Amino acid sequence: MSTAADSMEKEILRSIHVNIPFTLLYDSYLPRFIQERLNPEVGIDAHALDHYSASEFRAVGETLRRNGLEVTLHCPFLDLSPGSLDPAVREVTRKRLEQTLDLLPFFEPRAVVCHAGYDERRYGFFKEKWIAFSLETWSWMAPRVRYEGSKLMLENVYEGDPRDLLDLFQALSGLDVGFCLDTGHMWAFGRKPLEEWLRVLGTHLQHLHLHDNDGGSDEHLALGRGTIEFRPLFQFLKHLKGTRPLVTLEPHREPDLSVSLEYLKQHWPWKGGA
């Protein structure tokens, strides 16, 4: 007999995604995601783009859709800089992003997540130029994503203050670009409390990356195993009007997934379908 807890876990699993690099999904984890009904957020990186064929990407996407699983995609980010002042760096960045865009028909993702890429230590003296070059990149990419029936999400990483990204989202408001709040990055690298991030960027919030840490490094711990106080976020979500943000769990160790699911069963803001 199904218990209320079982029903809650099934509801949560239907509503969330779980991060997985494409290489791991292709090589070993695809059967498990299908068996456990885990919607993947598929991480695309340079290795995957250079070592797998279009037919291999297509096969994985078709298998996921055939089994009724919903996909989000995470674009490459290592060594890339969408707002770089160096045109050669922006060219390489755009090449990797365009290679990822070519995969969208295979996966039909709900969202495409990219790192916004602002770091005050690198770009603080050139922020206006960084914004201008970033807008060139995202204004090129967002219509392509929307054409494929998806939505572009920009994620915080090293941004210390939500205002670092406010001008960017305001300028992109006409292109339907959403904010992906990464709680672990906010806690490890940010200088403002969670409430401030929600106050400043809450109207742009359309995606969440949930993981925990102790505030010192980006550990990707299970929810509740670090020092992040998630209550303000769940209260915000509970009273949020309109479309729910997408939710992705980002465990880096297998046991942390079940721990995070147990945590969400206690704190899920949409219990009972509210």
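Can you list which of the DSSP-assigned H helices in the chain have a Cα extent of 15 Å or more along the long axis and an average Kyte-Doolittle score of at least -1.0? Membrane-span-like by this criterion, though nothing is claimed about a membrane: 4-15, 54-66, 87-101, 127-147, 254-267. D119 sits with roughly 10 Å² accessible to a 1.4 Å probe, with DNA, RNA and ligands left out of the calculation.
Here the simple spin-label model places points 7 Å from the Cα toward Cβ, and for V92 and D6 these points are separated by 5.3 nm.
Length gain on complete extension for the stretch E262 to R65, per 0.36 nm per residue less the alpha carbon to alpha carbon distance?
68.2 nm
Amide H to amide H, with H built 1.01 Å from N, D182 comes under 5 Å of N156, H209, counting only residues 5 or more places away or on other chains.
Highest mean packing comes first when the peptides 136-149, 27-40 are listed by Cβ atoms within 10 Å, giving 136-149, 27-40. What is the sum of charges, Lys and Arg at +1 and Asp and Glu at -1, for the other residues whose Cβ falls under 13 Å from the Cβ of R96? So the environment of R96 carries a net charge of -3.
Summing Lys and Arg as +1 and Asp and Glu as -1 over all other residues whose Cβ lies under 10 Å from the Cβ of V177 gives a net charge of +1. The convex hull drawn around the Cα atoms of the chain, when projected onto a plane and averaged over every direction, covers 14.2 nm². Scoring 55-61, 152-158 by mean Cβ neighbours within 10 Å over their residues and listing the highest first yields 152-158, 55-61. The residue among W270, T183, G61 whose Cα reaches farthest toward the positive pole of the charge dipole of the chain, with charges on the beta-carbon of Lys, Arg, Asp and Glu, is W270. On the basis of the beta-carbon distance and an R0 of 41 Å, W270 and F125 show a calculated FRET efficiency of 0.40. About its Cα centre, the dipole of the chain is roughly 800 debye, where the only charges are +1 on Lys and Arg Cβ and -1 on Asp and Glu Cβ. Per residue, the chain exposes 47 Å² of solvent-accessible protein surface, assessed with a 1.4 angstrom probe and all protein chains in place. Taking every protein chain into account, the 1.4 Å probe leaves W187 with about 90 Å² of accessible area, to the nearest ten. For the chain, which whole percent of the accessible surface, found with a 1.4 angstrom probe, sits on carbon and sulfur atoms? Its accessible area is 51 percent carbon and sulfur atoms. For a straight C-alpha distance cut-off of 23 angstrom, the lysines reachable from K10 (same-chain residues fewer than eight places away being disregarded) are K238, K265, K271.
Counting only Cβ charges, +1 for Lys and Arg and -1 for Asp and Glu, the dipole size of the stretch 150-274 around its Cα centre is about 640 debye.
The lysines within cross-link reach of K95, meaning a Cα-to-Cα straight distance under 22 Å and a gap of 8 or more places when in the same chain, are K129, K151.
Each peptide in 175-186, 196-207 was scored by the mean count of other Cβ atoms within 10 Å over its residues; highest first, the order is 175-186, 196-207.
The values are calculated or read from the model by the stated rules, or taken from the named source; none is laboratory data. Keep in mind that what you see is a predicted model, and the values were worked out from it rather than measured. Cβ: placed from backbone, ideal geometry, glycine included. Neighbour counts: every protein chain shown. Areas reflect the complete protein model, heavy atoms only, side chains present, ligands, DNA and RNA absent. Shrake-Rupley method; radii C 1.70, N 1.55, O 1.52, S 1.80 Å.
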